[in-house]
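Single-structure report; data block below.
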Ligand code: ATP
């Protein structure tokens, strides 16, 4: 079975749970916890726990955060290909209020130095994978380089175009065999690249034909829009249905005893990539159903990487 290469970010998350988010000039008390984060690492953990062999390509500082990344990757059986950076390992300061709303400050640190040269140096590794999974918390030119190397080698590419404010180009999006924005990222990409103004809050309510038409403007390949508690919308190019019978369809979210939806998108992406690597010939809808199930399970405990369930497509079937 071929593996998944995840290219992306690692952060040390510092989380304060407070009654209310701190106002400018305020000093307040909160319950502190720390743990791993970064979309790249979260997705690597999800893909690993969903049964795939994983190599995580990232950049780490020579510090306690870097050591934590190595220790946690080893504990989950994730192979690290880490570029050594003179910057500190990435960090995130996260405040969460009693209603679950958050404010986040990211210190990209080492993540910002993940280089195109390092991608080129790892071309053989990327080229031997079944799936390359990437996000946009790393330099856009490095992600573009990784996607290009994978494409050239015939490796299936999955791009989670997150976060919404990350720089991107339509050329980068076109390198993704499967593009997986959430509603906010989808609306941002439409506005930035094809001049379509859609409010993120309105995306889930659009009829299937309209949503499909918008997806087609963004990509000639498959687009999977994640819709939170509503589920998922899938749109294929008519010529490339990836084993499905319909060019577009919805999959409703699975029922879940929701505790914390942080990282649900990362769970979905990791599980989707893992499933695609494990059964490349299965109909695409099977992978989507598994990822949808996996992501729902991830909402049933607190945290991001820590909340990724151990559940493979075989367990779910
Ligand atoms: P986050 O930024 O919190 O990681 P996201 O905004 O990128 O998440 P969402 O679209 O919110 O991603 O969620 C991804 C997927 O997780 C959904 O498509 C769905 O499969 C699952 N999911 C999210 N919320 C729920 C929920 N309340 N119940 C069941 N499944 C959910």
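With contributions of -39500 (n - 2.57) from each DSSP H run of at least four residues, the per-residue ellipticity at 222 nm computed over the chain stands at -10000 deg cm²/dmol. Please label the shape of segment 217-317 as rounded, prolate or oblate, based on the square roots a ≥ b ≥ c of the eigenvalues of the alpha-carbon gyration tensor (a/c under 1.5 means rounded; beyond that, a/b larger than b/c means prolate, else oblate). It is prolate, given that a/c is not under 1.5 and a/b is the larger ratio. Mean-square fluctuations from a GNM of the chain, with a 10 angstrom spring cutoff on Cα atoms, peak among 304, 75, 123 at 75. Label-to-label distance, residue 128 versus residue 256, with points set 7 angstrom from Cα along the beta-carbon direction: 3.4 nm. Reported to the nearest whole Å, the Cα centre-to-centre distance from segment 289-312 to segment 79-100 is 20.
Between residue 246 and residue 204, the modelled label-to-label distance comes to 1.8 nm, taking each label 7 Å out from Cα in the direction of the beta carbon. Measuring nothing but how far apart in sequence close Cα pairs (under 8 Å, 6+ apart) lie, relative to its length, the chain scores a relative contact order of 19 percent. A simple packing score, the average count of other Cβ atoms within 10 Å per residue, orders the peptides 228-238, 3-13 as 3-13, 228-238, with the highest score first. Take every Cα pair under 8 Å whose residues are at least 6 apart in sequence, average their separation, divide by the length of segment 126-175, and the relative contact order is 45 percent.
Available extension along the chain between residue 97 and residue 19 is 27.6 nm, counting 0.36 nm per residue and deducting the alpha carbon span.
First measure r as the distance between the Cβ atoms of residue 32 and residue 229, then evaluate 1/(1 + (r/R0)^6) with R0 = 30 Å and state the FRET efficiency to the nearest 0.05. It comes out at approximately 0.60. Taking a ≥ b ≥ c as the square roots of the Cα gyration tensor eigenvalues, with a/c under 1.5 meaning rounded and otherwise prolate when a/b beats b/c, else oblate, which class fits the chain? Taking the square roots of the gyration eigenvalues as a ≥ b ≥ c, the chain is rounded. Computed from the C-beta positions of residue 62 and residue 116 and an R0 of 22 Å, the FRET efficiency is 0.55 to the nearest 0.05.
Any read-out appearing in this document is the output of simple, stated calculations on the displayed coordinates, not a laboratory observation. Note that the structure is a prediction, hence the values are computed from the model and not measured. So basically every Cβ, Gly included, is an ideal-geometry build from the backbone, and we count neighbours across all protein chains shown.
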